[in-house]
Amino acid sequence: MTLHISSLHKSFAKGVATGTVNVLSDISLSIDAGSFVSIIGPSGCGKSTLLRLIAGLARPTSGTIQLDGELISGVSEKTGFVFQSYALFPWLTVVDNIAFPLAMKNVPKAQRRAQAMEYVGRFGLSGFERSYPVELSGGMQQRVAIARSLIDNAEVLLMDEPFGALDSQTRSCMQQFLLEVWRQTCCTILLITHNIDEAVYLGQRVICLTQRPARVGDDIPVEVPYPRDVTSDEFNVYRRRILRFLDREHSAAPGGNPSC
């Protein structure tokens, strides 16, 4: 399912006296179906806003976003959203959290439970289906969140810093898990990260956004086969290129100070 973004602009009103804040400026991108794309850029540049626009959770000031030629004008069942904070319902069990999108569509209880239990098995959650989010580790909570986003056959998975709150070991395991999910589902994944190694390790392509108002400052195809070795010379070529880009953007921030 091809995603096409054309001349996208987004601004927010600050108030009568202070005018508007321009967040995104003339962003144009084409993302092929089934691809894995990392998005990186300075803090506060508009990465999350871009994902919210693609999800239909906000509307652009101007420009268009199309999914397989269809204009995105609201929340679509074709997209799933995974947040850094997991966003699980604390009063629902694992299986009921996963099945929630089906419950909202009035799918019969037995059918939605059966489908949710398939994800419980596939995502390594067996034995925890009756557990509540507070009883799960961070990595397990994020598995539940990903399963919930995919159960309704989402074809585009939007992920906003999904592993940012995890320790390094759990983060590494979740990166491997996400690559396996991507291979199995063939869905399109757009992942926001502030971690350069994560961007290169996961993405077939790394899109670098500039300081606000954000535009595409660099679009890097990562031509390294999976699995990738983060200590290899070719991996370091991409790491250095992104690091130089971010250094330039931080230097260009008002006062020359990093925005992060």
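The values are calculated or read from the model by the stated rules, or taken from the named source; none is laboratory data. Source: prediction; values computed, not measured. Here the Cβ positions follow ideal geometry from the backbone for every residue, glycine too, while neighbour counts run over all protein chains shown.
Laid out as a table, the results:
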read-out	value
Identity of the residue in segment 36-61, under 19 Å from PRO254 (Cβ atoms) and of a type in the set (Gly, Ala, Ser), that ends up surrounded by the fewest Cβ atoms within 10 Å (Cβ to Cβ)	SER43
ALA145 being outside the structural domain of LEU53 (by TED's automatic domain parsing), in contact (Cβ under 8 Å) with a residue 60 or more places away in the chain and surrounded by 14 or more Cβ atoms within 10 Å (Cβ to Cβ)	yes
Matching entry among GLY164, GLY80 (being within 16 Å of the chain's Cα centre (by Cα) and surrounded by fewer than 20 Cβ atoms within 10 Å (Cβ to Cβ))	GLY164
Total residues in segment 232-260, condition at pLDDT below 95, out of contact with any helix residue (DSSP H, G or I) (no Cβ under 7 Å at 6 or more places or on another chain), loosely packed, with under 15 Cβ neighbours inside 10 Å and in a loop (DSSP other than H, G, I, E, B)	3
Matching residues in segment 153-192 - criterion: being in contact with an Asp or Glu (Cβ under 6 Å, 6 or more places away or on another chain) and in a loop (DSSP other than H, G, I, E, B)	CYS187
Residue count, segment 102-129 (criterion: loosely packed, with under 11 Cβ neighbours inside 10 Å and touching a residue at least 12 places away in the same chain (Cβ under 8 Å))	1
For ASP167: the one exception among (1) in contact (Cβ under 8 Å) with a residue 40 or more places away in the chain; (2) of a type in the set (Asp, Glu); (3) within 22 Å of MET140 (Cα to Cα)	(1)
Within segment 142-155, tally of residues that are modelled with pLDDT of 95 or more and among the polar types (S, T, N, Q)	0
Residue match in segment 87-100 (condition: at pLDDT below 95, within 22 Å of the chain's Cα centre (by Cα), outside any loop (DSSP other than H, G, I, E, B) and surrounded by 17 or more Cβ atoms within 10 Å (Cβ to Cβ))	no
Odd one out for GLY139, checked against (1) modelled with pLDDT under 95; (2) closer than 23 Å to ARG52 by Cα; (3) part of a helix (DSSP H, G or I)	(2)
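The rows are residues; the columns are (1) farther than 21 Å from THR210 by Cα; (2) of a type in the set (Ser, Thr, Tyr); (3) not in a loop (DSSP other than H, G, I, E, B).
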site	(1), (2), (3)
SER7	no, yes, yes
LYS14	yes, no, yes
ASN22	no, no, yes
ILE27	no, no, yes
PRO42	no, no, no
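Residues checked against (1) touching a Ser or Thr at 6+ places or on another chain (Cβ under 9 Å); (2) free of Cβ contacts under 8 Å to residues at least 12 places away in the same chain:
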| site | (1), (2) |
| --- | --- |
| LYS10 | yes, no |
| GLY56 | yes, no |
| LEU71 | yes, yes |
| GLY74 | no, no |
